[in-house]
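Structure record follows, encoded as structure tokens.
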Amino acid sequence: MQSDNYVVHVLDDEEAVRKSLAFLLVTAGFAVRVHDSATGFLDAAPAIGRACLVTDLKMPDMSGLELLEKLNARGLRVPSIMITGHGDVPMAVAAMKAGAVDFIEKPFKDEVLIDAVRRAARRLDPATNDNDLLALRTRFECLSEREQQVLAAVVAGLPNKTIAYDLAISPRTVEVHRANIMSKMQARSLAELVRMTIALGLGDKRN
């Protein structure tokens, strides 16, 4: 999908951050618009057309999570990337259930955000999105039953020691399963693994 088919909207209450993110994305070839408040973006959202959103999680007028929930309530589905300096698994799950395509923790490499925006843009094409989901399901089905159990526990935010106790295995074995899961699912980060499980409709359910 060509980046001139859609606009990437950058939302952050800090001017320096807005300019930095906009410069990065424009340099990467994206069409970009910036917004300084969640309320302002929400008001403009009905008229933005084909678009993706890069938003900070914590803002003074409205959190990024609240913004996504309000967009959903109005029937406005905008593929979004959530950026935060203080993330955890439950927060990432909540963001992705609200429609975030990715959940990125600061600091991050430029390529991480650029790749996330490209993934978000793929959501604008239903056929491509269906193909992505089929590929995810194929990867998930390659996991063993035990790996699926560990995956569910990881996405629920449980630490290795708790997972080990619940499944009656050693913490080291949990670490091995986690590494195998990341490899088989082709996930480069925990946030990406969470995104995949949400897309598969697994959420934070545990076996």
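Listing for the model above:
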| read-out | value |
| --- | --- |
| Cα gyration tensor, the stretch 1-111 - rounded (a/c under 1.5), prolate or oblate | rounded |
| Within the stretch 112-196: Cβ-based charge dipole about Cα centre, in debye rounded to nearest 20 (Lys, Arg +1; Asp, Glu -1) | 200 |
| Relative contact order (%) - criterion: Cα under 8 Å, at least six apart; region: the chain | 17 |
| Rounded to the nearest 20 debye, dipole of the chain from Cβ charges on Lys, Arg, Asp, Glu | 540 |
| Helix-only [θ]222 nm of the chain, DSSP H runs n ≥ 4, -39500 (n - 2.57) each, per residue, nearest 500 | -16500 deg cm²/dmol |
| On Cα atoms only, tilt of 126-141 relative to the major axis of the chain in degrees | 20 |
| The stretch 1-66, relative contact order in percent, only Cα pairs under 8 angstrom and at least six apart counted | 40 |
| For the stretch 54-123: Kirkwood Rh in Å [reciprocal of mean 1/r, alpha carbons] | 12.1 |
| About the Cα centre, charge dipole magnitude for the stretch 48-166 (Lys/Arg +1, Asp/Glu -1 at Cβ), debye | 240 |
| Given K70/K106; K19/K58; K58/K109; K106/K184; K70/K184, the pairs whose alpha carbons are separated by over 28 Å | K70/K184 |
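All of the numbers you see were taken from the coordinates with simple rules; none came from a lab. Note that the structure is a prediction, hence the values are computed from the model and not measured. We place every Cβ from the backbone using ideal geometry, glycine too, and count neighbours over all the protein chains shown.
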